[in-house]
Structures are given as C-alpha cells and as structure tokens.
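Coordinate-derived values only; no laboratory data. It should be emphasised that the depicted structure is a prediction, and the values quoted were computed from it without experimental measurement. Cβ atoms come from the backbone with ideal geometry, glycine included; neighbour counts cover every protein chain shown.
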C-alpha cells in the first residue's frame, strides 16, 4: 500500500498536499481499495466554505458510500470536475489525477494536526487488526 | 402436513447430528417464562378440500357478478388469461429480489422492460423498478422534490385523489413540510389562479391528478408552467393508466415527475392491492430517486445482461441517509403489467385507450338520455361525475341488485354542497353497451 | 443486503483455470439448452398485436371533446408482437431465473419457504380478484370477514391485542410503527429525538427512524452476538423514543435479555419496536407481545409464504400493544354483530396517524396468508418454527469446521458463517456463493449482517427435506475443499448459468436504465 512521504493524512483516510496556503485533498490508496470500484463522486462548488472535520462531499462505489471529510478549514478554490465523468481515476491514481479539491487554508495551525506518512501507515495497520 | 417433509426418522437422525434429544432443546435460548405454554388460539387445521369450499363461500359473499362501475383509483379491465399463465411460472413467481443477477436475468430483464414501458407512457427519461402503490409513490415524489429543492412546502390540487392526499399528509407529518391545497373550478379542473397565488419561493412541488379524481383531464401544461416559474417541480399522478394510451405524455406537458399506478394493466382490482405503483423522473433527478432500479451491463464474456444498480441510494447501504426506506418493490404486479403491455403493444394500447374513451362517452350519453347531466364541464377519459340526486341512495338501491354503481363524491368532499348529488362512475371495455344502457335505466328508476 | 460483485479484470485469470463446467453439481446442476432473448422493444414487426379486443365504436372521436394538445397517437417505441412471440419471450425469461420451485433458496432473513399453489387458486377466485375496494359494505362482506379473521389470528400468533393490516411491505410497516411511536410521545408532550438500534439491524431500521425525524444511536452487541442490558441502560434516557430490535436477531440468535431490555426502556418511558423479519423461528413457541414488544411488523411474504415474485409485492401488517391502538392508521375492520365494517373516518379514530397507502391493504396477500393459517392450524403453525429451527441447526452442525462460525452462541432458524477459513487462499464469500450456483442452489445471503465481515447467512426454512439439506452440505464442503485446492475455480464461477459474473461497476458508472433505439452497453 502506497503512502507518499510528501503528503499529510487524516484518520478519515484523506490526504493533503500542502503548497503554501493552498492544500490539495483526495482519498488515500487504502480508502480506494476498501471502497472498491468508485462509481460516483460528489464534490462541492468553487467558492464553498469547508470546515475541518466536516463533510465536503461523498464518494460512492457499487457496495458502499463514504462521506469525505475536510482535513482543514477554508475556501474551495479548485474542484476536479473531470472526476464526475471518470470516477475510476480515484482508484487508478488516487494521489495525482484523482485529486478532489483545492482549499485555501484559513487556519494554518490546523495543518500541524495532520498525520505524517509513517503515523498514518501505523494507524492503518492498527485498524486492520 | 404436505408442506413439512420431515418423517420421524428424519427428525431423529437430525437431532442426533445436532447433539440434542428433542426439538424443544433447540429452543433453550428462549427463557422458559417467555415460552408459550398453550396452543395458539386460531381455528383448527383443515384440509385442501374443505379449504376450497370455505374460501368459495367467503368469495361468494362479495358481489362481483357484474363489472363494477366504480373507478376512483382502481379500474376493472380485461386481463387476458395468457398474462396469468405466464406470471404463474414458478421461476418468476417464487424468485426473490435479484441479488444474484446471474440466476435472476429473467426478473431483471423484465424489470428493465417495465422501466422502459413506464418511460414510454410518461414521456420521462428514467423510471424505477416500481413502487408499493400510487399514493405512496406520490408521497415519495414530493419528498424527492423537497430534497432536491431544499424547500418545505408543497401545493396540491383538491382534485387529486383523496387517498393520495391523505397518504401524502401522513408521510409529511413526519417531516414537518407544509401542504397547501388549492380548489377545483366548475369545470372539474384545478383552479389555476388559485394555484398561481399559492406557488411561491418556498414551494418544492405542485401535484395534480392526470386525469384527476373526477375523471377530468386536468390542466397539466398550465400547472407545470406555474410550477416552473416558481422554481418548483411539477408532479402528475395517474391512477387510470390506460388513459396514457390516448392522452399526451405527462413529460411532454411539463411534468418533472410522473407517478401513479399501472394496476389497469395485467392486474385485477383485488380489493385494492397489490398493484404496481410507478415513479418516473427526468434525467437530472436520478440520484435522489427512491426505490430499486435495474440497469444494463455486460458479463465478463461481453454478453449483455442486467443488474440492480445505483444501490448506494438505498437503505441497505445508506441506512439513515437513504433516499427512502423502501426495500421491496411490486415485482409480480409490475411483471403482470409488463406482460400485458407487451401483448397490447403500440396498436393494441391505442385501441384499448380509444375503446375506453368510447365507453366513457357511451356512459355519458346513456346517462344524459336517462336525465342525468354531468357535475363538471371539463373533458374526461372513461370516468365522470354525474348529477343523480341522492347519490348514496342510488348506490344502495343498485347494490341490492348486485350492481356497483360508483361512489358518491360527497363522501370525500362533504363540505362542497355542489357534490351532494354527484356520483362518480366509470365504464371500461368490460362494460358492454347493453350493460351501460341497463345501468343508466337502473339509476333512473 | 449488500451485493458487492464488482468484477475486476484480474478475475480473468481464474476464468481459464481448470474449472470443469461439464460435471454435474452436487445438488444436481447439469447442462441445459437456454435461449437468448432480446428485449420486447428489439423484436416484433409493425402491425402485430397480441390481444383480442372489441372494436372501437364509430362516432366516438376523442378530438371532438379533448384539445389536440392533450392527445397523442400511437406511442413510438412500443413493441408490436403477436401473442406467441410474447409467450416465448416471457417463457424464455422465466427459464433464466431460479425460484423456490427450482431448488434450494437459503437466503437468510428472507424465509424462502414453499409458496402453496392452493393459495394461488384461492386468491384468484373472482370474488376476491374482481372485488373493487370501494364496493359498498353490503357487497364486500366476504373480503371484510377475511381481513378481520386474519387480523385476529395474526394478533393472537404474535401476542398483540390488535394489528394494522394496511402496510404494503415490511419497510412500510416499520414506517407505520415509528409513526405511531412518534404520535404516542407527541401526545405525551415530549416528542423525544433518539432511537436505539443494535449494530445487527436491517438497513431499513435506521432509514425509517431518520424519516421520522429521529437520530439513531447504534448499540454494540456483545461478543456472544446478543444485546446486553447494560449497553441499553447506558444509552437509555428520556430523550429516547424507542429501541428497535429484531428477535431472533440477524445472526439468528435469540435476544434472551429481551424482557430485561424492554423493562429498562419502558422504565424511562420509551417503547420497544420489533422487526418481525425472523418471526418464523417463533411461531407457536413464543410471542413477541409476551416479551415486552409494543409494536412489531410481520412480513406476510416471509413468515406466511405469500410469493416473493422477484422482489414483491409484500405485505407488512403491524401488531400493536394497547397503548398504541388509538394511533393505528386507518382503515380497520370491525365486527358489529354479524356484519363487518371498514372504519375509514378519522372522526371515529381521532388519534390515528393517517394512511400510508391507498385503500386497505394487499388483499391478494391476505387471502394467501389466511389460507396457510387455516390449513396449518395451531399445531401446524408451531411445527413451522420447530422444523425451521431443526433444519438450520442441522446445517450448522454439518458445516461447522468447514466454515468459520463467528459466534458460538446458539442459533434458531438461521446461522451465519464467514469466509475467514478461506481468506488465506484469496477466496471471498462472494466466490463461495457463486460456486454454489454451479452445484445447483441459490446462494445464502451474503455480506449481511454487517457486524460479520464476509457474512454468509443460511436460512433453510421448514419446507426443505433432509435430502436437500444433505446435498447442500455436500456441496458446501466440496467448495470449502476446492477453495484450498483450486481457488481459481471459485473465481471463475458461475459457469453453468446463462450469464457469467456481471459487471456491476459498469452498470453504476454509466447507468443505462431503459431501452432506447440503438441502445449500446459500453
């Protein structure tokens, strides 16, 4: 299972790529594997405000549906529109092409609360038991 | 007992394998004080011969010698015997929900065909795999509208079937949404001025019957336009589905959702149930649609097949966030309608619809000749409200002769003095011209 | 119930592996000539018709009375087939289906027992099938008497003073149950906001609760698969309207603490709702009304053998305790002297929650259920539960060791295994299920209840013979062995069916929900 070192993670199995004030968000390799084939993704609109820990969308597979939780608070500045027509991208490339939203972080302090790759890997291993 | 195959030898062997000495040991986990210590107080067992006689006696206490002149939401039509013979095939009849699609392609393809028929009849793009009945389908359509628009008010025509309205208000009592009812005019159609005044930016949907409870073809295009102006969804409800073989499709007239029942096809009136409710929507609403839906796909060898799909809307996955708590659909009733519609086809459906309209006209002419005019002036399909004086007395008098005359409208509209003498009656292809004549004479005498 | 087939291209490998589709399955599955059959919309020819109707009389021109904009002609796309074409179409479609009449159908929680054919004949008597729901009372005494007698017997069997007959299915019965519970609390001045639901519950439970404005509090069952009084006591307060319990629960285990749990809930003014999906285990042996339940929905299409028909229609009457009688939806059938009457006027029942469906209930199902109760009588009804429980325990004893049993606790009419013993070979519950098809059986329920990962829920029902169960056991043991020796064979299954595993992902990603001209499934 792949957990890139340059990303941050949450216990809800989202990843965050921090680039200055902009944070790109998606779901991890573990999450897409658990879900199975993704068939539909529901994302917010550009301009929507998200709050850390609250849902910003939904990802569906044939057998399950999962809320997407914002890792940080802020304003949505970009949305990966093509995902709606090609939801399989989330399975095939969860960390690059499968990105979901970009958020302009309103509270940089929240970034320190995210897990780093080794901590997330440990969390996943513990959950599996 | 013919359904229980176990011989005493079977039971002994099985108890041995289970490692217990008697069947009651297997119920150990039920605390003794909770166990029933007496036999059930239900009638003693009987055999099939006696059972048949008993049920025939019961059935004979229902007067069904003549086709009923009652419509009002359930319509007696001719069901070709071939429908039942196909329906009763054990592989259809005794199958369950198609959770294992490889061994349920019969059910699934038939559902796909039902869905297609519903879209053809309603002129809308998507249909689900059937609902419990027309009334609950209407309630579910309204809930779809409130979810989609995030609004909390629905405007309903007083000419919509009273049972549908009652069910709607029961469902909405749980959600707290507001129902506003607008009156009908002397033509029997919804009062459009009142409708326009009632629709505002809190309105999620407008609902009217098509045809409505009075058998009148209601003003769907105008009502849909009013709804659209207000940002609300237009919902049409049809309980006499044969009318859709003659009348313009609700979707073509501006309806966003069409609901009702297809009981008129393949299903008898059966004292009110079961029957296949339907729900059709325009494309954009699919993720909010309640109920099961069958979709086409391929198997791993590339052959086309069908599966239940979009399941993540439903209760077994979404649980408390489901679009509805619906689990079962109306499988067999929907299959009966699908078979009947396949037999009717393009020409047969148009013929049946025109024939029903003609019978409706013959009924109106016969009643006019006998001295009974119409309560409403609006155009009708096969059902209409007649001014007969004392409608209840007419019903009671004809009941003694085994004729089900219709329903007195005052029963549902007690506050409208114009309804006092109104009798709602229908004529379908089951009512011969001679029977219609006899009926009109009987009403007069 | 979840159905995660989810075909992946990686399964292609297993398709080529040595799975022999020529051998007969251990439950009798063999070769057969099946026919391909397109949609009705893809066949026929212009001008064909499959019905015989009286002619349309001259002189009735719809256009003379109805505005042209409200009329249409023949509907493009409707099929045009002769009667024989239609007969062959549906005959062939039926041959692709597995029904109880075909063979074993051990779907847990669905109670796939034999559907008596005499019930069909009785439901089709013209006096029932042709009775209009709005017939005057004097013309429908037979129907009303039947509904009344059935209601009396159902109430007696379940231990309640009265039952609501109108709900169209179990889920609607559940909705009614919760509506009555809400009305009860509103009448007492504290509507309350929460409903307690164990983790073993059917998905309709939280959905119905949410619909009635309640938030769900999930309760964890114990390691023995039972709900424990302490768990309930911790969660119970005066903001809880009700607890919803299935008994026996979806693990097939009797909730033996039910009386204590009911007392805890009642003590703080809450009510106990029972999901009667598993009522088959209790008929004549124990009654929910005696255990402390205040309201419980029955499924006539499960316990009382009315046909499942490919997914419906059902019928979900609801038993109610005395305190909830005022809130019962209308109508109810009452007996006055020797006459039966439908009470439909809310003025007679001012506290009624209203109506959940048009007319009175699924009469077709009532006739069938009453026919079964009449033929079985008190001893026969009790025998149903006894044999259902015997059959399930027999299967459990014979499969133990071959499949993992997640709970050691005693079970009644159904048993849940999982795929733990087959996991190391990469075989899942879905693979086990598909392989069973090739032997000649419908699979058990898979992936439900959710508390067991990879659940396989088996409910034989009382109408299955020991021979059938022995064949089932042999087939399952063979699959267990095969999962170690040749797991690829399971991955490729089913092989004998008219279609191989279907791509559910494709169906959900690019939904094609109706036929259109030139329809292509990409």
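Worth pointing out:
- The simple spin-label model puts a point 7 Å past each Cα toward its Cβ; for residue C:199 and residue B:46 those points are separated by 5.0 nm.
- Relative contact order (percent, whole number), chain B, Cα cutoff 8 Å, 6+ residue spacing: 19
- Approximate spin-label separation residue A:126-residue B:222, in nm, with each point projected 7 Å along Cα-to-Cβ: 6.9
- Protection-proxy order for peptides B:23-36, B:154-167, B:414-427, each taking the mean of Cβ atoms within 10 Å per residue, highest first: B:154-167, B:414-427, B:23-36
- Contact order normalised by residue count of the range B:160-268, Cα under 8 Å, 6+ apart, percent: 22
- For C:378-391, mean number of other protein chain Cβ atoms within 10 Å: 5
- Using C-alpha pairs below 8 Å separated by at least 6 residues, the relative contact order for chain C is 23 percent.
- Between 0 and 90 degrees, the angle of helix B:8-18 with respect to the longest Cα principal axis of chain B falls at about 80 degrees.
- Three-way shape call for the range C:121-374 based on the alpha-carbon gyration tensor, with the a/c threshold at 1.5: prolate
- Rg over Rh [alpha-carbon atoms, Kirkwood Rh] for the protein assembly as shown: 0.96
- Gyration tensor (alpha-carbon) shape descriptor, the range B:123-235, a/c threshold 1.5: rounded
- Angle in degrees between helix B:391-400 and the longest Cα principal axis of chain B, rounded to the nearest 10: 50
- Approximate spin-label separation residue C:344-residue B:229, in nm, with each point projected 7 Å along Cα-to-Cβ: 3.7
- Sites residue B:400 and residue A:85, calculated FRET efficiency, Cβ-Cβ separation with R0 60 Å, nearest 0.05: 0.35
- 0 to 90° range, to nearest 10: angle between helix B:331-369 axis and chain B longest Cα axis: 30
- Taking a ≥ b ≥ c as the square roots of the eigenvalues of the Cα gyration tensor, the range C:72-163 is oblate, since a/c reaches 1.5 or more and a/b is not larger than b/c.
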